[in-house]
Amino acid sequence: MGEGSAGWRIHGMSVQGYRHRRDGRPCQDACAHTESGPLAVLAVADGAGSRPRSEEGSRLAVALAGEHFVRRAAAAVDAPPGERVHDLLLDAFHDVTKVFLDTTGPDAADFATTLTVVVLAPGWLGHLSVGDGFVVLRAGSEDGRRQFHLLPQPPAIGEYSNETVFLTSPDAARQVHTDCVCDTGVDGVLLSTDGLAQAALSRSAGGPPTPNASFADAVFRSLDGPGPVPDSAHDNLAALLRSDRLTALNADDKTLLRAVRRTRS
């Protein structure tokens, strides 16, 4: 997956984790991006490992996100950012959920998946998440070092729970989280499923997670520059996501979808 026309270079992929390769199971993550004029929509999804058709659910979720978030954002692209952005994100989420449930029918729970979406529009960035995906932004610098920012995530279901919320969860509409960011200094966006949390995020004792600056810097820097996404980007990213170093941190499927602002040649 690569290339972008809405002022961004976009590239990403999902790869099968070690456990799924070992057990002969498919990758249950998915990612996609959709563009329309000045808009770009990026989406990642993580199918529930315990559900028999979750790989289909994650692919359906990102496809629907591209269609419905672009349509809703296009109707409000010239509106002032703020509550209007939160409203369009929730409206698009409801559209996606309805079509997802209509498509999967009475067996919808078998397709359970998380969903994290970013809408890139002129003047603002919209973020919606249900489940445990995460988004890191690159914006600004301090003492010559690029700065990275983790967008807020939905609260965990419980202090000791490993469960998360899915599109098919009965309380999904109450657990969804939205953000609107108005910062023209944002020049990099990274979306991921929780399979990369140990590599991409740092956790201090008792404190909230923060971006791992060295990981984020390397991931963004490899996509910086003029022109199209280089042919080597796909192989290089696949090698990183399948590397022994990342597998040792987490054997789950891994997804990384990134966008950087285009620079002029």
Number of positions in region 162-194 that are among the polar types (S, T, N, Q), free of Cβ contacts under 8 Å to residues at least 24 places away in the same chain and farther than 24 Å from R19 by Cα: 0
Test: residue in region 99-116 that is under 23 Å from A73 (Cα atoms) and touching a Pro at 6+ places or on another chain (Cβ under 9 Å): no
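Return a yes/no flag: does region 123-138 have any residue that is open to solvent by 40 Å² or more (accessible area, probe 1.4 Å), within 30 Å of A76 (Cβ to Cβ) and over 19 Å from the mean Cα position of the chain (by Cα).
yes
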Counted residues, region 223-250 - those being within 18 Å of the chain's Cα centre (by Cα) and under 19 Å from T263 (Cβ atoms): 1
Pairs where the first residue, in region 99-110, is over 16 Å from P170 (Cβ atoms) and the second is buried (at least 16 other Cβ atoms within 10 Å of the Cβ), C-beta under 6 Å, 6+ apart: V99/L64
Cβ-Cβ under 9 Å pairs, at least 6 apart or on other chains, region 145-160 side within 24 Å of V117 (Cβ to Cβ) and assigned to a loop (DSSP other than H, G, I, E, B), far side of a type outside the set (A, V, I, L, M) and at pLDDT below 90: P154/T164; A156/E163; A156/T164; I157/E163; I157/T164
Residue in region 98-114 that is β-branched (V, I, T), open to solvent by less than 10 Å² (accessible area, probe 1.4 Å), assigned to a loop (DSSP other than H, G, I, E, B) and under 26 Å from I10 (Cα atoms) present: yes
Close pairs (8 angstrom Cβ cut-off, 6 or more residues apart or separate chains): closer than 17 Å to T255 by Cβ and open to solvent by 50 Å² or more (accessible area, probe 1.4 Å) in region 195-218, polar (S, T, N, Q) and at pLDDT below 95 anywhere: Q198/N250
Residues within region 31-75 that are open to solvent by 10 Å² or more (accessible area, probe 1.4 Å) and in a strand (DSSP E or B), tallied: 7
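The values are calculated or read from the model by the stated rules, or taken from the named source; none is laboratory data. Since we're looking at a predicted model, the values are computed, not measured. Every residue, glycine among them, receives a Cβ derived from its backbone with ideal geometry; neighbour counts consider all protein chains shown. Calculation scope for accessible area: heavy atoms of the full protein, side chains included, ligands and nucleic acids excluded. Shrake-Rupley method; radii C 1.70, N 1.55, O 1.52, S 1.80 Å.
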